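The values are calculated or read from the model by the stated rules, or taken from the named source; none is laboratory data. On a predicted model such as this, the values are computed, not experimentally measured, just so you know. Virtual Cβ from ideal backbone geometry, glycine too; neighbours counted across all protein chains shown. Just so you know, the surface numbers come from the protein's heavy atoms only, side chains and all, with ligands and any DNA or RNA stripped out. Shrake-Rupley method; radii C 1.70, N 1.55, O 1.52, S 1.80 Å.
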Amino acid sequence: MHDHLPIDNGAAARSSITASLARRLPEKLASLAPLAYNYRWSWEPGGAAVFEAIDAEVWDRTDHNPVRTLVEARPEALERAAADSDLVARADDLVATVEDDLDRPFASGFSRDQPIAFLCAEYGIHRSLPVYSGGLGVLAGDILKEASDLALPMVAVGLLYRHGYFHQRLDIAGWQHEYWIEADPDLLPMVRVVDDRGDPLAIDVPVWDRTVRLHVWRVDVGRVPLYLLDADVPGNNPIDRFVTSRLYEANRDLRLAQYALLGIGGIRALQALHLEPATVHLNEGHAALGALELAATDLGRGSSFEQASKAAKQRVVFTTHTPVAAGNETYAADRILDVLQQLPDRLGQDRDGFLRLGRINPDDEHAEAGMTPVALRLSRHVNGVSERHGEVARNMWSGLFQVEPDDVPINHVTNGVHLPTWMAAPMRSLLDRYLEAGWTRQAADPQTWAPVAGIPDGEVWAARCEAREQLIAYVRRRIARDRLARGQSLDYIERTLAGLDPEALTLGFARRVAAYKRLYLLRSDPDRLLRLVGGERPVQLLFAGKAHPADDGAKGILRSMFEFKDAPQVAERVAFLEDYGMASGAMLTMGCDVWINVPRPPLEASGTSGMKSSLNGGLNLSVLDGWWGEAYDGDNGWAISGDVDHNAGAQDARHADELYGLLERQVLPLFHNRDADGVPTAWVRRVKGALMTVGPRFCATRMMQDYARDVYTAETPAATRS
Ligand SMILES: *Cc1c(COP(=O)(O)O)cnc(C)c1O
């Protein structure tokens, strides 16, 4: 590529940091220092257990942060670990496995000189890296991990939010309160990229009437470097320093400035790193200004705007995730022209010419402008995230493209989840015994999963029971703490702890609390809910989710779930887990028997948590929307109708009735229909069906193979409809 890189892209800075960490460790553990700076350990079976074994207390206290665990481990813990020959051998194996993985050549058809640059506002890589809020970020994290596994040459760019997304606490009435925790990047598994003098690499971005300076941090996600841009640097004024403070900042001007830093700053950072991406993948509209920055760079070299935007369009691909027009934020002209005031000139456009790029109908001078239209106009390929969402998106954007919906150039790549991250130990170790060695690398092939049919029912059931037991043990620890902090009585807490039952049918519902997700359906018929959870055959319901800080309607829904908290059955059998995130998400999707999802169709673009549940042998009970519309085969879970009804109240009543009807008449009897050994064989048959149908089609391997084949390597705009 370049024989001499004028700047260090982070690799050398990382070597010097890991070398100094290694010197502080006992010699036998020194090889863990570089490992701590690459999240690749997090998806190797037994990877987390190695760090945990060094100092479990520090590991838990630091949210499983490997760097802090090595730095803060007590000396006696380090000595004990170094003397534990079994642990040292496991650590050496882990290091060797990761090194071999990083040394593989790139996938055929791709070259390191022409990487795919992935731009996204949030990344859910691991619980210890708090730069994500939910589904979009977790998907982005899964994409990077799978690109690494498939040896695709990907580099990623995002923002370093020092305060991340908010944390959630509920008061005793069930009302949500938010708080933020500041992360110190020097204690996270990331290094600051430096220039050839050893000073922090500086990226300057024109925002407002000035220049905002960014520093760049590098996080290694297997083979994929993730560059996080940070405006909290000396020299920036206090407002500018705050721009990258919080994910999805409520102040709209600051949010627009974030989009400028992500899009414009992202492209400039890649240029400064001498990375020349063949493809720039905008994951959701937040990074759309990146396409304009590519064009502005060409303009600076003498192209016309038409030539430059056409050239940019040849390189940019866009994934849209938002199935409602209102979800695609728009801004009044004066707000855009204030924050992005330097951009029209750089593009050789007058103000109106510039605003036209962001309006659905460019001629409508009164319409607000947003990022999504920019991305739609400047991408050679646009896709939604499920088959149905592709269709919804074609309808939604036919006005912008000025063609009939069927001819709108948007297709779909259905989301998938990163199997090694989301299939937890109980199911993973069972399948490792019955499927072929190295099976996870062939996970997108249905044949890989065929042996699942022959696994003895009792073993599948034992794995399910183990997963549920681990979940209930976790929930007991969590809710004791949450409820004490909320001010519940000791008596109440003791009743809850006694009530939770590791053998009871466990229903899970965890996701963002937004009106369209309809959490309230679960309580729309209180008598039926109380009969279900208080019946002779025990049922317990675990739920979790954050409401957006500015969404009082959603907070009201959450509070309304607490109205029955004093009914005895509810105190004992219904539990809310505060502060939903990747850690609790993994536990819930691992252990719940039934994963409930009741979005209002067609508003669920895809959904991915249900896929995680299936990979662990959970059964989905979901509205036929998003991914479940593609996955449900009559036998691998349960379905609630997915048709659109403009009478929301009538639809709610019907769907609540379908939900309870299925739970009462199908789910509960099937769970309790046991053979002589106590195994619910008909249930287990469904579990196997879920693994074999969802596993190959909704793993991230299938998703990234689709992107590699249909999106990244396509030279010309893809045909409409796939
Ligand atoms: C998988 C995941 C999501 C996505 O959830 P859906 O409701 O299915 O979209 C959100 N948050 C976390 C923490 C997750 O792990």
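What to note about this one:
- Options Val475, Asn328, Phe51, ranked by Cα towards positive dipole end of the chain, top entry (Cβ charges): Val475
- Across segment 93-98, computed HN-Hα scalar couplings (Karplus, 6.51 cos²θ - 1.76 cosθ + 1.60, θ = phi - 60°) run 4, 4, 4, 5, 4, 5 Hz from first to last residue, x flagging Gly and Pro.
- Within the chain, antiparallel bridges make up roughly 30 percent of the DSSP beta bridges whose residues both belong there.
- Of all accessible heavy-atom area on the chain, the percent that carbon and sulfur account for (1.4 Å): 49 percent
- For segment 290-357: rounded, prolate or oblate by the Cα gyration tensor [a/c cutoff 1.5]: oblate
- Accessible solvent surface per residue of segment 133-238, calculated while the other protein chains remain in place, 1.4 angstrom probe, Å²: 30 Å²
- Å² of accessible area per residue within segment 607-678, as computed with a 1.4 Å probe and no ligands counted: 35 Å²
- Mean residue ellipticity (222 nm) of the chain, computed from DSSP H runs ≥ 4 via -39,500 (n - 2.57), nearest 500: -12500 deg cm²/dmol
- Per-residue packing, averaged as other Cβ atoms within 10 Å, sorts the ranges 274-282, 356-364 into the order 274-282, 356-364, beginning with the highest.
- In this label model, Leu497 and Asp445 are separated by 5.0 nm, measuring between points 7 Å along each Cα→Cβ vector.
- The count of lysine pairs in the chain with alpha-carbon distances below 25 Å, taking only pairs 8 or more places apart or on different chains, stands at 10.
- 17 Å cut-off, amide nitrogen to a point 7 angstrom out along Asp552 Cα→Cβ, residues in segment 507-528: 515
- Scattering profile of the chain at q = 0.05, 0.07, 0.11 Å⁻¹ [log10 I(q)/I(0), Debye over alpha-carbon scatterers]: -0.24, -0.48, -1.25
- Inter-probe distance in nm under a simple model that places probes 7 Å from Cα toward Cβ, at Arg169 and Ser85: 4.9 nm
- Under a model in which nothing but the beta-carbon of Lys, Arg (+1) and Asp, Glu (-1) is charged, segment 138-274 shows a dipole of about 180 debye around its Cα centre.
- Anisotropy class of segment 1-143 from Cα gyration tensor, a/c 1.5 cut: prolate
- Semi-axis lengths (Å, descending) of the ellipsoid that matches the C-alpha gyration tensor of segment 42-103: 20, 14, 9
- Karplus-derived 3J(HN,Hα), 6.51/-1.76/1.60, for each residue of segment 508-520, Hz, glycine and proline x: x, 9, 9, 5, 3, 8, 10, 3, 5, 7, 6, 3, 5
- Taking every C-alpha pair closer than 8 Å and separated by at least 6 residues, the mean separation divided by the residue count of the chain gives a relative contact order of 12 percent.
- Solvent-accessible area per residue in segment 289-430 equals 39 Å², computed with a 1.4 angstrom probe and all protein chains kept.
- Charge-dipole axis of the chain as Lys and Arg at +1 and Asp and Glu at -1 on Cβ define it, positive-most pick from Ser614, Ala424, Ile493: Ile493
- In this simple spin-label model, placing a label point 7 Å from the Cα along the Cα-to-Cβ direction at both His177 and Arg301 gives a separation of 5.6 nm.
- For the chain, a crude dipole built from +1 on the beta carbon of Lys and Arg and -1 on the beta carbon of Asp and Glu, taken about the Cα centre, is about 420 debye to the nearest 20.
- Backbone HN-Hα couplings from phi across segment 629-642 [Karplus 6.51/-1.76/1.60, Hz, Gly and Pro as x]: x, 8, 8, 5, 10, x, 9, 9, x, 9, 10, 10, 4, x
- Dipole moment magnitude, nearest 20 debye, segment 210-316 about Cα centre, only Lys, Arg, Asp, Glu C-beta charged: 60 debye
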